[in-house]
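To start, the structure under review is shown below, and the notes come after it.
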Amino acid sequence: MKLTRRISDRSDQLTQRRILFADDDPSIATLIQVTFSSPRYEVVVVKNGLEALKAFNDGTFDIVILDVMMPYVDGFETCKRIRERSDVPIIMLTARDGTDDVVQGFELGSDDYITKPFKPAELIARVDAILRRVDGMKNRQAPTVVRCGDIEIDAPRHRVSLKGVEINLTPMEFELLYFLAANSGDVFDRETLFQEVWGYDYVGETNLVDVCVRRLREKIEEEPSKPGRILTVRGIGYKMADNVAVINNSSVTSDLPPTEPLAEYQKKINRPT
């Protein structure tokens, strides 16, 4: 049974979205102001990480865009400090596209990254997609709590536990794990994961999906190099090992009692009579 969590396609044109943008390059700042000149957006532009942190503390924003290389406090440190107190979506803007930079950004809690130079239309598409994803989280169509083997994912509380111990995931790691677990056993290529988890069309040259899977495996697998939960299907993509049970959702039924651990239940049903 496929339990697909769809991102809402509805874009609320009446709601103005506040964007915090930090970059020390005046030409990029001007480009951003022109790009998001629509009444749909309000853009607050700052020149460095210190100013970004102050602006964030003083206001409310729907999304944050941070250049990596900034004076005083760089984009990575700014991302880390914002993520310590908020789940606001964060996009990293960088002139470097090395895997190490991508990994560092995800580890600190960023949702996406865009490499300079970029096309304004691409940045708008990324921002709108992330905002749709955030809106869609409020109206989930899949179960709110999913148990997949020894992993339990509590969507309303944004918590994940492994063998009863809570583990810390970044927002995108959480979203990817939730989607794969809710569709346990189904194989998804990178294009589909981009559409379903990130919310926009696949960009062939990016390693965004692979990096996020790698980071997630490091947190939930005993041996990340020999994964037993998030599996690679060679030539296709990724899937969650097919041992899922869904709980706490009246529209989906499961033979597993909500209060009984999966392992104990499996022993019971396999016990000779």
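Some observations on this one:
- Amide H contacts of Y41 (H built 1.01 Å from N, under 5 Å, at least 5 apart or other chain): R17
- Area accessible to solvent at S27, 1.4 Å probe radius, in Å²: 70
- The stretch 110-199, relative contact order [Cα under 8 Å, separation at least 6], %: 27
- Applying 1/(1 + (r/R0)^6) with r as the Cβ-Cβ distance of S225 and E84 and R0 = 25 angstrom yields a FRET efficiency of 0.25.
- Inter-probe distance in nm under a simple model that places probes 7 Å from Cα toward Cβ, at L31 and T60: 3.2
- Note on the stretch 40-195: antiparallel DSSP beta bridges, both residues inside, total approximately 60 percent of the bridges counted.
The values are calculated or read from the model by the stated rules, or taken from the named source; none is laboratory data. Since the model is a prediction, treat every value here as computed from it, not as a measurement. FYI the Cβ positions are ideal-geometry reconstructions off the backbone, even for glycines, and counts take in every protein chain you see. Each accessible area value is taken on the protein alone, full model and side chains, heavy atoms only, with ligands, DNA and RNA left out. Shrake-Rupley method; radii C 1.70, N 1.55, O 1.52, S 1.80 Å.
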